[in-house]
Structure formats: structure tokens, C-alpha cells
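Working notes, beginning with the structure itself.
The values are calculated or read from the model by the stated rules, or taken from the named source; none is laboratory data. What you see is a predicted model; the values in this text were computed from it and never measured. Every residue, glycine as well, gets a Cβ built from its backbone with ideal geometry; the counts of neighbours run over all protein chains shown.
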């Protein structure tokens, strides 16, 4: 390849860290700028199912499969669908599945540990990317300017600070709001709920609302109460001031559901989060600009239905790294990467948008049951 570029990666999530890891495995240095002050400043979200043709491909290219196999949960790939009365409508044990589960925090720790000290610059919130007019870029932070960089990769998520330099489009609200809750030590403290959720994911959908509960590592259940509502609905309808008032509000909203299901809220811990689901337009793209690109949610954020978001992001990273490594001219490699990415993510973006549009419809339970029967498993990516 031509001279190895000075690479800045904005965002230390799965996409940015995977890119840094695959490049490092090939002897190419990069710098990751992450706003978190340390790796465990905030929760990283729930479990991910790693897809054989995307997330696992990326981790293999980074040489991280032994570390992943040590923490992946191959026995937590099951799917259960109940009706509001608690009757089991569908169950797939997931025993033959090829999508092992891994907690986001564990994945991030593995990616970070594979990088040399100093690769990730913590506590660095990017304000904007500034074109120097000579093919290089500077990054503006609260602490000052960094650069010059030959290539800036925006891997900074839904509300990317890099995207506006390339694209005028902003993520739009899907109409779905998730209220996230968690249950600790479920096997010991709440054995009935452990059985209800099973070894994987349990969902129930009725009356224009839904509950999805996912088994995470360390006997933790991460759950979501899902509503199709305006963005200010939860704030107006719920008392958000204490965990007790949140539990009572959720129990009230699901009045009429089986007690065994509503008990999920009574068992929840002290941590609740309201998450509005946003997405970029299907087919989102931009005109290439030298020295700048996007990947992951910064490029194509979509609803969590289908479980493709993080897997797409990690494959983005692996493919950009591959082209930078293999092509003689790195700048042309970036153009090739963008062209291929735009085409590759279109199908999953369309599927996620269609699922978000039809979820919680008047016959949502029947549609979900048909989807499960057709596809055997239909994951929901953690919204966290």
C-alpha cells in the first residue's frame, strides 16, 4: 500500500475498537478517541448474538476467537413467545444455533485488551472534524485540537459528530420507546422468572405493547417494556423519580397480563432507562469526501429488530481494515469500502425498518409468531 495513513477513530464502541484491533493485527497503528473516561464508566448494554457471517468474521480477523469462546454463551440462544395470559405459543431451544451470546461489556473488554496501551484515548469528546484543506483533518475537543490525520473514521454512534460533515440526514424517531429494566441473580432469587425467560429471550406482545426479556451473563436478565408512543409519553405518564414508582407504573401499564409476566417488573433492580428508537433512512449514503468515512451506527443506525446492528458495525470495521491492508492506495480503499457498505447493509436496514413499522400492530402477536416459525430465531439486539 502507499504510505500508511495517520488514522483517527472516533468512538470506542464495538465498531471503532474492532477496526483498531484488525488494523493492529496487521501492524497498522491507529488512535481511538472515546468520550468515556474509562472502560466501565457507564453500562454498555445487554447481550449480543454474534453472527457467523459478520461479527464472528470480524473477531476472527482480529485474532480474538479464543478469547471470545471463553466468554460466549452458546447455550443462551433460545427463543420463547408467550401470549398475555402466559400461554407458550412458540419455543426454540436454540441448541443448534450458530449465534453465540456475549455481553457487551465482556466484548468491549476483550477488544480493549487486544490493543497496545495508549491506543484508546479516554475522556475525549469530539466536537467536530475540521478540514485542513490539504487532504488532512484536525479534530476539535474540549481540551484543544488533535491532528493532523489522513483518515478520520466516525464510529461514534447514532448522534455522530462526524456524520454532519458528510451527510445532512439525521436519525428519525421510529415511534417505539423502550423502558429498560434489569433483574439480578435471577436463578437464585427468582427461579420462576428464570424458567419463564428460559435460556435466551422471552417475548410477549398484546394490546399495543410488549415485553422482551433477555438472559445475560452472571444470571442477569435485561428486559424491555416496549410502547408505540410519542417521545414525551413516558415522561408525562410515568413518575420517573424512584425505582418504586417506575415499577408501579410498568405494572399498571401491563394490567391484564398474567401475573407471572408482570412479576418481571416487581423483581427488577434499581436501574431503569428510557430509550427512544431512532433510525437513519434505509439506503442512507453520502458523497465521498477524502480522508473521512463512517461505519456502524454513525453510517446506518437502524432499529434493533433483527439483531444486525452491532454485527453490521463490526463487519464494517473488518472490511474497512481489510481494504486498507490489501489495497495499494489506501485512499481508494476507503471509496471502495463505502460503495460496498452501502450495498451490503441495505437488506438488513430494510428488514429492521419493516419490523419496526409493523411491531405492535393490531395483529402483532400473529405476525411475530409467523416470523418465529419462518425464521426459527429472530433476535432483538440490545437497545442499550
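Table for the structure above
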quantity: Members of the stretch 158-173 found to be outside any loop (DSSP other than H, G, I, E, B) and either closer than 28 Å to residue 329 by Cβ or modelled with pLDDT under 95 (or both), listed by number; calculated: 163, 164, 165, 166
quantity: Test: residue in the stretch 22-42 that is under 16 Å from the mean Cα position of the chain (by Cα), touching a residue at least 60 places away in the same chain (Cβ under 8 Å) and not assigned by TED's automatic domain parsing to the domain that holds residue 217; calculated: no
quantity: Single residue of 160, 93 found to be surrounded by 13 or more Cβ atoms within 10 Å (Cβ to Cβ), more than 17 Å from residue 37 (Cα to Cα) and not assigned by TED's automatic domain parsing to the domain that holds residue 317; calculated: 93
quantity: Among residues of the stretch 135-157, those that are in a loop (DSSP other than H, G, I, E, B) and surrounded by fewer than 18 Cβ atoms within 10 Å (Cβ to Cβ), counted; calculated: 3
quantity: Selection from the stretch 177-196 of residues that are buried (at least 24 other Cβ atoms within 10 Å of the Cβ) and either at pLDDT below 95 or assigned to a strand (DSSP E or B) (or both); calculated: 181, 183
quantity: Strands (runs of 3 or more DSSP E) within the stretch 43-128 that include 1 or more residues closer than 21 Å to residue 215 by Cβ, touching a strand residue (DSSP E or B) at 6+ places or on another chain (Cβ under 7 Å) and at pLDDT 85 or above; calculated: 78-82, 88-92, 101-103
